[in-house]
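The values are calculated or read from the model by the stated rules, or taken from the named source; none is laboratory data. Just so you know, these numbers come straight off a predicted model, no measurement behind them. Positions of Cβ are generated from backbone atoms using ideal geometry, with glycine treated the same way; all protein chains shown enter the neighbour counts. When the accessible area is computed, the model is the full protein with side chains, heavy atoms only, and any ligands, DNA or RNA have been set aside. Shrake-Rupley method; radii C 1.70, N 1.55, O 1.52, S 1.80 Å.
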Amino acid sequence: MAKKLTLLLLAILLLQQASSGESRSITNDLPLSMVSDGVLEKTPKPNSIWLPGRLFSSDSCDQTYGFLPCTTTVLGNTFLIIVYGYLMFLSAKLLSNGSEILLQILGPGIVGGFFLPLLSSIPDATIILASGLSGDTETAQSQVSVGMGLLAGSNVMLLTILWGTCLLVGKCDLENSVAVDQKDEKRFSLTGSGVSTDIWTSYAARIMVFSIIPFVIVQLPQVFHTTSDNRLAILISLIVAIFFVIAYSLYQVFQPWIQKRKLALSKHKHVMSEILIQLKTNALGRLLTNDGDPNKVVIEKLFKTLDQDLDGYLSTADLRSLIIGIQFDDMDINIDEAISQVMRDFDTSHDSKIDVDEFFKGISKWINKAKRVAIMERGKLPPSMKLLEDFDKKTKKEQDQFMDQMDEVVEDVKNVKWHASKAVGLLLLGTIVAAVFADPLVDAVDNFSTATSIPSFFVSFVILPFASSSEIVSTLIFVSRKKQRTASLAYSEIYGSVTMSNILSLAVFLGLVYIRNLTWSFSAEVLVIVVVCILMGAIASFRTTFPLWMSLVAMLLYPLSLLLVYILDYVFGWS
């Protein structure tokens, strides 16, 4: 904490010292007595970086807040972008560190689901606000492209460069299409090494794809060439984005409960499949007919073998004997819970015992579920002999995906008050730094764009995402541990950050455009965001293992995105 404050003060001191001095020139036309030492001069010194030539000379510039240094030169603005960018990165790190401490104290739920995603978006949101709030409408229209560049650049950078780098850093050997934790003997094999994630990461990727809906809505007038409806589309998109922010936050709040529910369902299906396999093994004949239907005669014989006291009913004791005899592949199956599940499925009369008719109907219902799973997987029914084996493999795979992916238990934190105060202090400091230095950073980017004749969108697209994304370091640390658990957390953080950018940062941007009555002319930029989110989201939505060659594809999308924007804007004139 002290080190960061020292660096922050040092950066501010450098900015204050950036102003150059100025003196009167000596010429042959002036006598020596006319030369001044500058002591008695009253002309105020310009607070700007003074460098000769096109790269080194500076005209007058507007100081942010009236005292921060400014410049119109390339090198001067490069220096300012580096310093202000570092301060924004420091802000993002302060917010990230404060969030982690708060999460350790309070755990997931409202804190993890609502406040933390909101806090992680503060640096981007403040830069976007700064790009459209200052100056008159013409100035805001000119600078707002900085905000759009950050919005597009953050999403593309996270889903291409960071996504691919995580795959390179976190790669493990692939065996049976699954990455083996902490085993990296195949080195850089494009097909033999890679990363595996859990099913929750795939869900996060799907949510990310849905988060592009506000972008699609705001572009509809351009698609149908009805520019008169622009403001209405902006307003509707803004409302939808705000609704998505609330819905996504609620989802994050209730996600631990959703995870527990899905894990319970996967355990139930696993119990079903194991019991069916056990019954098939012990059956005095074929459990299924050639058509895959339940064999009533064989199932009734099975009932009699399970009815140990021959009273015509299966009791909880009979079911306990059956379940204890099943080897559940080291799965954490609670026997009493499994018995209750079977009773709920079979005991339709609710008399705490199962007769032969209920047993047949229950087994038939389970077999029909196995059929539905097989049809969804294969598109058709497999041979009756393979039906139950395939269902068992499917449930085991699902169980592996859901198992041990629950939110970790919050550990006891000593001296809670001190840690809470530290967390609040870091969050406040990070927010203040972001709010103070977002505007001068936008000015520096805009001035750099003017000095170099490079459109401000491209400057902000390339530079600003690295300054405002605190998740870069933490994500790479996660994947470097080379485990499925940590890889899942890393990629979930990427998809979650893009989702919040697509809805929260976009909501801020749309609010600026609507309130200040700015022109929406970002068709190419929106297309890039939509294309990258759909491509990477589709890849991550329907698979959980990524071979190493996919990192090359992801990284290649970054320069292609820049090229696409350039072609659409400056060749086809979309803007």
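The residues of segment 125-182 expose on average 30 square angstrom of accessible surface per residue, using a 1.4 Å probe on protein heavy atoms. Amide H contacts of SER193 (H built 1.01 Å from N, in plane; Pro and chain starts excluded): LEU174, LEU548 sit under 5 Å, all sequence-distant by 5 or more or on other chains.
The accessible surface of segment 427-503, taken with every protein chain in place and a 1.4 Å probe, is 70 percent carbon and sulfur. Counted over all Cα-Cα pairs of segment 478-519, pairs farther apart than 11 Å make up 67 percent. Relative intensity of segment 415-481 on a log10 scale, I(q)/I(0) at q = 0.11, 0.12, 0.21, 0.27 Å⁻¹, equals -0.45, -0.52, -0.95, -1.08, per a Debye sum over C-alpha point scatterers of equal strength in the absence of solvent.
Note on segment 435-542: dipole from Cβ charges, positive end direction compared against ALA538, VAL442, VAL498; the farthest Cα belongs to ALA538.
Taking 0.36 nm per residue of sequence separation and removing the Cα-Cα distance, the THR289/PHE224 pair yields an extension gain of 17.7 nm. Given their separation in residues at 0.36 nm each and the Cα-Cα distance between them, TYR65 and ILE236 gain 58.1 nm when the chain is fully extended. Using the 1.4 Å probe convention, the accessible area of segment 487-533 works out to 22 Å² per residue with neighbouring protein chains retained. Here the convex hull built on the C-alpha positions of segment 419-531 has a volume of 160 cubic angstrom per residue.
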